[in-house]
């Protein structure tokens, strides 16, 4: 019998990637990545229309362009017969929303809406709806809405409802003309199978889809009478549970991608969560850290726990049979990239160029030569707001302790440590509310590229860190879900648990805490906590006051 394969497609913040995976061994036999042509639009639309501050948009045609290149590329590289491919898995950043018409066309591609920012894709890190998020939270609290427990008692601006309310209030013509608002992952699946579906897990985390705790019609009506009927009128579609097939690849898309029509296609799952399969997580006590431009911190429990400050909790959200909690940080790799782009002297760029390495690698090498605490710096990781545990997109980054002798590598190391301290705060938060965290599993670009930072995670948390074997864990996890969607009868797997147990792998090398480092970092972490609570829990709201002053000044200039 010929070998069988599945394709995993991972749509990230800046690019999309595809992997072709052997069903029996889990080996990635081919992979391809492609950047989005328009990247993240934060200042203006393609036609020059300026965007307000705190916005992050994307062009949905970029997704289809990438899809049409990376899938045929992995097939060409491998030489695999399309008849041997049994399933496709898709994952996406979330909540990444776009309005579409009845045919599934994004409104932004229509001439009458091309200059309207609200007609474009609102990326997960779009924070333009911070005011709407706060108002939704306050109304829900007064009404005693049960759904607030699904997001830890506070609605984050990155979730779906604030973004939709922002559109309704600022571009009612877009809201009215949209047949529905779709997660970008669901929209990709619609393009693959020709049917409007919704990932039950994604909808649960990002839009409070719950049979018992969904926002009530009374709540939606009180928010805005036009918001009533939201779930019926604007968020329709058949819900697909974890591991189920959303449908079959259409003949038109099969021809475009060079695949066989009729193979199984999964739902558009969350990009971080799918990686759990790739690293072999099979139950409680194992925290998954997905380390990239932002960071996810997911863990499962057998019983539901009321946990404030989280991003979401969904039954069967990551592993069937468990409640999965999602927490995370809004800015990790983005913060390092910001520093390299804006704060590095020419001497560093020259040295990196002469040595043939990246500025990131140069600064990491120099930072690794420093002793813990040598720089006298401490930073907060809020360059893009705080996702957990404060749930506040209006917070901003800071660094304390700089002098005229401070060097770039010292600042860079402080930012690395800030990200790790932020993850430690999330872990402590889980444990404070009765969710034990025994082991740490890491995946994403940072887990492969930065051993210094990975050792920091072990030293700061006092836990062993396991790193996913694959350098494409989300895409691999999506391919594994594609195998489950295909089912055992097609040569795939009968359950998510079976796929994880058979194919999930971590590197042989692990990162263990170094006792001496643990003690040194504990002192720095306590300073981090002092700043965290002082600026993040209302003792001093200077960050928010400065943000309002900035926005007022920019508003007058514009």
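Rounded to whole Å, give me the distance from the Cα center of segment 170-228 to that of segment 492-527. Segment 170-228 and segment 492-527 have Cα centres separated by 35 Å. From its DSSP helices (H runs of at least four residues, each -39,500 (n - 2.57)), the chain gives a residue-normalised ellipticity at 222 nm of -12000 deg cm²/dmol.
Rg then Dmax, both in Å and based on the Cα atoms of segment 10-107: 16.3, 50.
Among 226, 547, 425, the ranking by other beta carbons within 10 Å of each residue's beta carbon, starting with the fewest, stands as 226, 547, 425. Dividing the radius of gyration of the alpha carbons in segment 229-334 by their Kirkwood radius gives 1.04 for Rg/Rh.
For segment 306-447, what is the Kirkwood hydrodynamic radius in Å, using each pair of distinct C-alpha atoms? Mind showing how you got there, number by number?
On the way: mean 1/r = 0.0590 Å⁻¹.
Kirkwood radius, segment 306-447: 16.9 Å.
Kirkwood analysis of segment 5-271, using all unique Cα-Cα pairs, places the hydrodynamic radius at 19.0 Å. Legend: ranking of residues 101, 316, 91 from fewest to most surrounding C-beta atoms inside 10 Å; resulting order 101, 316, 91.
The Rg/Rh ratio for segment 153-256 is 1.00, where Rg is the radius of gyration of the alpha carbons and Rh is the Kirkwood radius. Ordering 37-44, 398-405 by mean Cβ neighbour count within 10 Å, with the highest value first, yields 37-44, 398-405.
Counting other Cβ atoms within 10 Å as a rough exposure proxy, the listed residues 55, 338, 120, 187 run 338, 55, 187, 120 from fewest neighbours to most. Extension gain, residue 139 to residue 176, is 11.0 nm, computed as 0.36 nm per intervening residue step minus the present C-alpha separation. Within the chain, DSSP assigns beta bridges of which about 65% are antiparallel (rounded to the nearest 5).
The Cα center of segment 445-473 and the Cα center of segment 262-285 differ in position by 20 Å.
Note down the relative contact order for the chain as a percent, whole number, built from C-alpha pairs under 8 angstrom at least six residues apart.
Values: 1223 pairs, mean separation 89.4, N = 558.
This gives 16 percent for the chain.
On the beta carbon distance between residue 69 and residue 507, with R0 = 41 Å, the FRET formula returns roughly 0.85. Taken along the Cα-to-beta-carbon direction at a fixed 7 Å, the label points for residue 216 and residue 357 span 6.0 nm.
Bear in mind these aren't lab numbers, they're just calculated from the coordinates by the rules spelled out. For clarity, every value in this text was computed on a predicted model and none was experimentally measured. Cβ sites come from the backbone with ideal geometry, for glycine too, and all protein chains shown count toward neighbours.
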